[in-house]
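Structure first, commentary second.
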Amino acid sequence: MNRFTVPMLLSAATLAASNYATAATPSPAWIEKSNAAAQMLLKTQAEFNPENASQQGMAEYDDKVIDLKPDLEARERAATLAAIRQLRSQLEQENDLKVQQDLRIMIRAAELANEGHDLNERYMLLYEDVGQDIFSGQFALLQDQVAPARRAQALVRLKRYLGLEAGYTPLIKLAQARFEALHGNARLLGPYSKEIEQALGNTGEYVDGIRQLYAKYKIAGAEAALSALQQQLDDYSAWTKSVVMPRARSDFKLPPELYAFQLKQIGVDIPPAQLMREAQLEFMETQAAMQLIAPMVAKSQGINASDYRDVVNVLKKQQLDKQSIEPHYHAIIGRIEEIIRRENIITLPQRPMVMRTASDAESAQVPAPHMQPPPLVNNQGESGEFILSLGVPASTGVANARFDDFTYKAAAWSLTAHEGRPGHELQFAGMLEGGVSLARSVFSFNSVNVEGWALYSEAEMLPYEPQEAQLAALDARLLRAARAFLDPMLNLGLITPERAHDILVHDVCASEALAQEELDRYTFQSPGQATSYFYGYARLMQLRAEAQIAMGPRFNRKAFNDFVVSQGLLPPDELAHEVRKDFVQPTLLAGQKS
């Protein structure tokens, strides 16, 4: 749990891409050449994280399990260094400029991965949430869109997690040995106490979730393994309470070098002080915009209030019941697609969009609405899924654990635009249907460009939404600005969690459940990551403004948006270079000739 994730790792957060079986046209020769070079790096990291690889469509890893054997960081670092040397050698011999760019992207990603391994070894006493690891590995295979032949490998993988096959040590034993080997090193930071408490509370949900998946997909012969799973995770919880909790730290803040790395690896390339200033300005300007529209919404809705906070809180009382949530969201999806076509905003994917509510186990794993990406390696027609979490499961013991932030009618517009279309779902579907290189997807990935596109998508839809949905959308934007100053302020000791909580609940109108999930996110689940939404949005808006100013009447919004999606998951600097070179300049030159 405490390992710093880096863009090189394939996961629901890092989203690999390669060999698109569903691509509309064959890949250009330079992409084929780039992807051939990338396969070596892809296989290097897949050896250590096979579950993530199989989740992305690499079926040869379906029966393999995470590597927690001794000296993990040192072995990963050595393997990555070997890959870097090979990539540098290829770069020296390569003449194609696009392939050269891709090779440099992969080298930077691998170097960043090793920086993360170094920091883990230097600072962290690593605790592994084994329950979450096992659920993630099982859920990667037990889904409707996974082929039945691949689902059968889930039981093989489960037995290997549990040490029920010859040659395999139970994962809990490897995790315990990994922790205990460094337990006595007082220089290393133990896990944050609340992180451990949350992991313990979620374990039951993971076990129940796995049982439900085996029942749903009728995986036979699993009862002995499922019983062993329950017993082993019970034993691991007892060990965690007796061995890990006494070593846990009460202060969530990381050393400055670690927090700086967190910002760097998610794509923030400006100092925290500058980020906070820009976000605070956006926060105030968004509040002003909300206050401008709130009285009009109040009048149209018959609300006896004028302050935006009061109006939003009344709108939030228009809750959908559990049976109405999915139908309402699907209706909004249809209305958004109509607007996109009518206003020529972007090219829609050929495939229909998928949206559903989360199970309790999924909510324990990811306690927020999210996009479950499709397998982008060897995709066989699978689609991404917009998954709506309704809150932290009650069985975890968290008070006020249910959200009301995403299940009121007006909120569906901005959330669908963000997670669905034209946001994340379209972003990944566009890569499937258009095809981009591995380097420009998995190895150039960071949260800034991914989340920046989704927040930009919300802004694209905002003018066409009903007034009450516009107010809800601005409230969602207010949250992203708050994240971008609260996260660094908390981690740098510039604000207390209590004051941050008050801002989220009073000014952003967040529910208690969402406010707590946000604070957990800033302090231990993923420090720094929450800043990526605002920063990515700001960089993309700045790039669009630059293009519009340069091109004048020749600027075409749909062409610009299609071009951005066609570039895959390039970070802001790389994307800006491509927009200037291949979108703005050719149009201007064509205009001069005409």
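The values are calculated or read from the model by the stated rules, or taken from the named source; none is laboratory data. Keep in mind that what you see is a predicted model, and the values were worked out from it rather than measured. So basically every Cβ, Gly included, is an ideal-geometry build from the backbone, and we count neighbours across all protein chains shown.
General remarks:
- Within region 312-338, the set of residues being crowded, with 19+ Cβ neighbours inside 10 Å and more than 25 Å from the chain's Cα centre (by Cα) comprises Val312, Leu315, Lys316.
- Test: residue in region 217-235 that is of a type outside the set (A, V, I, L, M, F, W, C), free of Cβ contacts under 8 Å to residues at least 24 places away in the same chain and closer than 25 Å to Leu119 by Cβ: no
Yes/no matrix, rows are residues, columns are (1) touching a Phe, Trp or Tyr at 6+ places or on another chain (Cβ under 9 Å); (2) under 30 Å from Ala38 (Cα atoms); (3) part of a loop (DSSP other than H, G, I, E, B):
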| site | (1), (2), (3) |
| --- | --- |
| Gly430 | no, yes, no |
| Ser444 | no, yes, yes |
| Leu455 | yes, yes, no |
| Glu458 | yes, no, no |
| Arg480 | yes, no, no |
| Arg521 | no, no, no |
| Gly536 | yes, yes, no |
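- Of Leu171, Leu126, Leu103, all but one fail to be within 30 Å of Gln262 (Cα to Cα), within 27 Å of the chain's Cα centre (by Cα), crowded, with 18+ Cβ neighbours inside 10 Å and modelled with pLDDT under 95; the exception is Leu126.
- Residues that are farther than 16 Å from Pro466 by Cα and either assigned to a helix (DSSP H, G or I) or touching an Asp or Glu at 6+ places or on another chain (Cβ under 7 Å) (or both) within region 315-341 comprise Gln319, Lys322, Gln323, Ser324, Ile325, Glu326, Pro327, His330, Arg341, listed in sequence order.
- Filter result for Val65 (at pLDDT 95 or above and under 24 Å from the mean Cα position of the chain (by Cα)): yes
One line per residue, one yes/no per condition, for (1) hydrophobic (A, V, I, L, M, F, W, C); (2) surrounded by 24 or more Cβ atoms within 10 Å (Cβ to Cβ); (3) under 30 Å from Asp102 (Cβ atoms):
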{"residue": "Leu455", "(1), (2), (3)": "yes, yes, yes"}
{"residue": "Ala476", "(1), (2), (3)": "yes, no, no"}
{"residue": "Ala481", "(1), (2), (3)": "yes, yes, no"}
{"residue": "Leu490", "(1), (2), (3)": "yes, no, no"}
{"residue": "Pro497", "(1), (2), (3)": "no, no, no"}
{"residue": "His501", "(1), (2), (3)": "no, no, no"}
{"residue": "Val508", "(1), (2), (3)": "yes, yes, no"}
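- Considering only residues in region 129-152 that are farther than 15 Å from Ile66 by Cβ and not hydrophobic (A, V, I, L, M, F, W, C), the one that is surrounded by the fewest Cβ atoms within 10 Å (Cβ to Cβ) turns out to be Pro148.
- Wholly enclosed helices (runs of 4 or more DSSP H) of region 87-193 bearing at least 2 residues in contact with a Ser or Thr (Cβ under 8 Å, 6 or more places away or on another chain): 97-123
- Candidates Glu32, Glu51, filtered to the one that is in contact with a Phe, Trp or Tyr (Cβ under 8 Å, 6 or more places away or on another chain), of a type in the set (D, E, K, R), part of a helix (DSSP H, G or I) and at pLDDT 50 or above: Glu51
- Picking from residues in region 196-221 that are outside any helix (DSSP H, G or I) and of a type in the set (A, V, I, L, M, F, W, C), the one that is nearest to Asp251 (Cα to Cα) is Ile219.
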